[in-house]
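The values are calculated or read from the model by the stated rules, or taken from the named source; none is laboratory data. Since this is a predicted model, take the numbers as computed values, not measurements. Using ideal geometry, Cβ is built from the backbone for each residue, glycine included, and neighbour counts are taken over all protein chains shown. Heads up: the accessible areas ignore ligands, DNA and RNA and are worked out on the full protein's heavy atoms, side chains in. Shrake-Rupley method; radii C 1.70, N 1.55, O 1.52, S 1.80 Å.
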Amino acid sequence: MVPVIYCTPHSRKTLPMQVSVRDNNVDQALRALKKKLQREGVFREMKLKEQFEKPSEKRAREKAEAIRRARKLARKKLERES
């Protein structure tokens, strides 16, 4: 039987993350778990929740993120077309 590491992310997804441990190599499983958490944005979310963020700062941050996403999308679209 292969042991499994479970972790429920704090994001909107309700399914738990699952990382299997192969050959009793827990370090490798922890690395994989950390990578999955990083991809889900759990670390970023935890960092944001460490301190109170003023509503005006939150709006400015979200607006900047939206601009960044739009530019990235436009860049990828331009790259695909050319």
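The conditions are (1) among the polar types (S, T, N, Q); (2) more than 18 Å from the chain's Cα centre (by Cα); (3) open to solvent by 100 Å² or more (accessible area, probe 1.4 Å); (4) at pLDDT 90 or above, and SER56 fails exactly one of them. Which is it?
(3)
So is GLU79 open to solvent by less than 100 Å² (accessible area, probe 1.4 Å) and not hydrophobic (A, V, I, L, M, F, W, C) or not? Lay out the reasoning, then the answer.
Working: open to solvent by less than 100 Å² (accessible area, probe 1.4 Å): no; not hydrophobic (A, V, I, L, M, F, W, C): yes.
The answer is no for GLU79.
Please find, among ARG75, ARG68, ARG61, the residue that is more than 30 Å from VAL21 (Cα to Cα), outside any loop (DSSP other than H, G, I, E, B) and touching an Asp or Glu at 6+ places or on another chain (Cβ under 9 Å).
On inspection, the qualifying residue turns out to be ARG61.
Look through the range 31-53, keep the residues that are of a type in the set (A, V, I, L, M, F, W, C) and part of a helix (DSSP H, G or I), and return whichever of them is most open to solvent (accessible area, probe 1.4 Å).
The extreme case among them is MET46.
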